[in-house]
1. Strands (runs of 3 or more DSSP E) wholly in the range 179-230 with at least 1 residues that are out of contact with any strand residue (DSSP E or B) (no Cβ under 8 Å at 6 or more places or on another chain) and open to solvent by 10 Å² or more (accessible area, probe 1.4 Å) - which ones?
2. Quick one: is residue 311 touching a residue at least 12 places away in the same chain (Cβ under 8 Å) and farther than 22 Å from residue 511 by Cα?
3. Within the set of pairs 6 or more residues apart or between chains, which connect a residue that is free of Cβ contacts under 8 Å to residues at least 40 places away in the same chain and among the β-branched types (Val, Ile, Thr) inside the range 216-244 to a residue that is in a strand (DSSP E or B) and open to solvent by less than 10 Å² (accessible area, probe 1.4 Å) with Cβ atoms less than 6 Å apart?
4. Have a look at 178, 132 and point out the one that is farther than 27 Å from residue 247 by Cβ and either of a type in the set (Gly, Ala, Ser) or without any contact (Cβ under 8 Å) to a residue 24 or more places away in the chain (or both).
5. Could you tell me whether the range 561-574 includes any residue that is in a loop (DSSP other than H, G, I, E, B), of a type in the set (Val, Ile, Thr) and within 24 Å of residue 351 (Cβ to Cβ)?
6. All but one of (1) more than 18 Å from residue 41 (Cβ to Cβ); (2) free of Cβ contacts under 8 Å to residues at least 40 places away in the same chain; (3) surrounded by 14 or more Cβ atoms within 10 Å (Cβ to Cβ) hold for residue 95; which doesn't?
7. Looking at residue 539, is it at pLDDT 90 or above and surrounded by 18 or more Cβ atoms within 10 Å (Cβ to Cβ)?
8. Being among the hydrophobic types (A, V, I, L, M, F, W, C) and exposed (fewer than 15 other Cβ atoms within 10 Å of the Cβ) is the filter here; which residues of the range 399-418 pass it?
Amino acid sequence: MAQLRIALAQTNPVVGDLAGNADRLVEWTGRAADRGAHLVVFTEMFLTGYPAEDLVLRSSFVEASIAAIEDVARRLADEGLGEIPVVVGYVDRAGLAPRVGQPKGAPLDAAALLHRGRVVTRTAKHHLPNYGVFDEYRYFVRGDRLPIFRLHGVDVAIAICEDLWQDGGPVSVVAEAGAGLLVVPNASPYEREKDDVRLELVSRRAREAGCALAYANQVGGQDELVFDGDSIIVSASGELVARAAQFSEELLVTDLELPEARYGGLGSFEVDARDGTVITVERVELAAFPVEPYTPQPPSVAPRLDDLAEIYSALVLGVRDYVAKNGFRSVILGLSGGIDSALAATIASDAVGPDWVYAVMMPSRYSSEHSLSDARELVDRQGINARLVPIADIVEAFEKEIELSGLAAENLQARVRGMILMGLSNEHGHLVLTTGNKSELAVGYSTLYGDSAGGFAPIKDVLKTQVWELSRWRNAQAGTTGDFLYGFDRPPIPENSISKEPSAELRPGQRDIDSLPPYDVLDRLLGDYVEKDMGSARLVAAGHDPELVARVIRLVDLAEYKRRQYPPGPKITPKNFGRDRRLPITNRWREQAP
């Protein structure tokens with residue numbers, strides 16, 4: 001057996017910031033060197049950021065990526081880090097002749113092995129995901145090479161992200177070609193309960209490949225997506241060896257005992273990938289002989305977060321990175337005293353700090369006294385910035401010039417509030433946060449250009465019942481601190497905001513239940529219709545009331561045009577409104593009653 005100390009760089013790159021990401025690569029490689037690592041593995045497309053979407057179709061971007069990978073290899077050597085092999089993701093091109101149906105320029109979701117100032121070998125993702133948030137047939141062509149490099153007597157193979165999620169391909173080739181370790185750069189977005197699925201997958205693929213497996217995953221927010229880290233190392237038998245924390249950057253350094261290389265020859269040969277393709281194995285040698293035996297460090301296994309802590313951490317990280325990566329320092333939102341704006345404000349405080357959160361209380365003639373007092377209490381508990389802007393006179397001025405009644409009059413109040421927030425955003429440079437939840441967004445219970453006006457939507461993918469659950473969970477954490485919790489000395493959300501009956505307060509005595517079924521009933525139905533794509537017959541068979549099924553389906557389908565104009569927000573479910581669920585606005589298909 002041979003020893004190898006591997007460092008997984010669970011880092012937070014910025015899409016398009018090739019120079020900044022290269023600086024980060026050099027810095028983290030230096031950290032790994034200080035801890036005695038023999039190999040450093042960065043994440044998928046780390047150098048360019050992931051997902052880069054249509055940027056990869058620009059030749060200037062791909063050329064910059066290729067130049068950057070060569071440059072950072074030389075830079076590592078110049079800074080005394082050239083002896084440490086580095087595996088890192090970037091964008092390359094296949095060099096194929098243009099043809100119809102092929103992405104422009106034939107880009108590759110690639111990984112390079114850097115050593116002694118040069119790119120020793122390159123590979124590219126073989127399986128291209130084309131489901132959910134992934135659209136990689138649009139952007140990339142398939143890779144067909146599997147590098148295996150010999151490092152201190154151990155053969156190490158490289159595969160990329162989706163190559164683990166599909167049968168056949170690189171994992172099958174590793175099993176046949178033989179390796180002591182498979183390293184996998186990843187950019188795997190967060191979804192509820194995905195960490196359990198991920199560990200089971202990594203363990204199964206390690207057993208199939210017949211070798212230890214090191215899974216390095218990206219962390220951070222990128223538009224709607226949140227990457228949770230959770231990097232994993234397992235043994236050849238699939239047993240967990242080491243695991244990084246969720247939702248925070250970490251250099252996971254682990255000592256492994258691995259079988260010495262069994263094959264003496266270098267060069268390349270072809271292997272049936274068992275998925276209808278052939279992959280060329282390319283063997284290279286960096287260091288043939290094992291290192292001198294040393295005392296290993298104990299492996300680190302970070303504790304898992306519970307479900308609500310996981311969701312809340314994802315929301316906070318999504319807001320924090322959207323604010324920071326887009327150049328904002330502060331956020332602004334309407335604070336009504338209700339539970340949705342209360343949770344959104346709390347997430348914002350945890351994300352950017354209370355000093356950088358600005359709340360505007362905008363009571364109308366229909367606002368209850370407790371709404372204003374609950375909003376003021378939240379401001380006092382959290383120490384955020386706040387101002388009072390009553391809207392009754394502004395609404396009345398509109399009404400003097402144009403006659404509106406019913407729903408149009410109700411929506412006017414929401415639009416006045418949206419105009420105030422956007423005006424203050426323009427004046428002071430705040431990012432406007434909208435406060436609508438997934439249940440409301442699903443059935444169109446929001447006002448276009450009113451409460452839907454803003455730049456980012458923290459709870460867009462959170463059902464109303466989860467809003468209450470997360471609020472109670474966050475209050476229970478009062479007095480604790482961490483990467484995603486500000487140290488409020490008392491529960492940050494007033495109890496009355498949680499316990500009172502929800503209302504938009506746009507007309508006298510209004511209650512949500514006047515327009516919608518109870519949220520516990522509605523959310524179960526929305527989960528089946530929106531996230532599981534059940535048709536009406538299946539919904540009724542699942543136990544939902546037939547009349548309610550017909551009503552809710554109609555509301556959801558008719559609100560598609562509103563959702564298209566809603567700001568992005570962190571994705572936490574398997575199917576969010578946005579990247580996951582894409583339905584035509586102009587659409588006459590209607591689910592038929594069973």
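1. Here the list reads 219-222.
2. Here the answer is yes, as residue 311 does meet what is asked.
3. Listed by first residue and then by second, the contacts come to 232/215; 234/213.
4. 178
5. Yes.
6. (3)
7. Spelling it out, residue 539 is indeed at pLDDT 90 or above and surrounded by 18 or more Cβ atoms within 10 Å (Cβ to Cβ).
8. Those that are among the hydrophobic types (A, V, I, L, M, F, W, C) and exposed (fewer than 15 other Cβ atoms within 10 Å of the Cβ): 402, 404, 407, 408.
The values are calculated or read from the model by the stated rules, or taken from the named source; none is laboratory data. Because the structure is predicted, anything quoted here is derived from the model rather than measured. Every residue, glycine among them, receives a Cβ derived from its backbone with ideal geometry; neighbour counts consider all protein chains shown. Note: areas computed on protein heavy atoms with side chains; ligands, DNA, RNA excluded. Shrake-Rupley method; radii C 1.70, N 1.55, O 1.52, S 1.80 Å.
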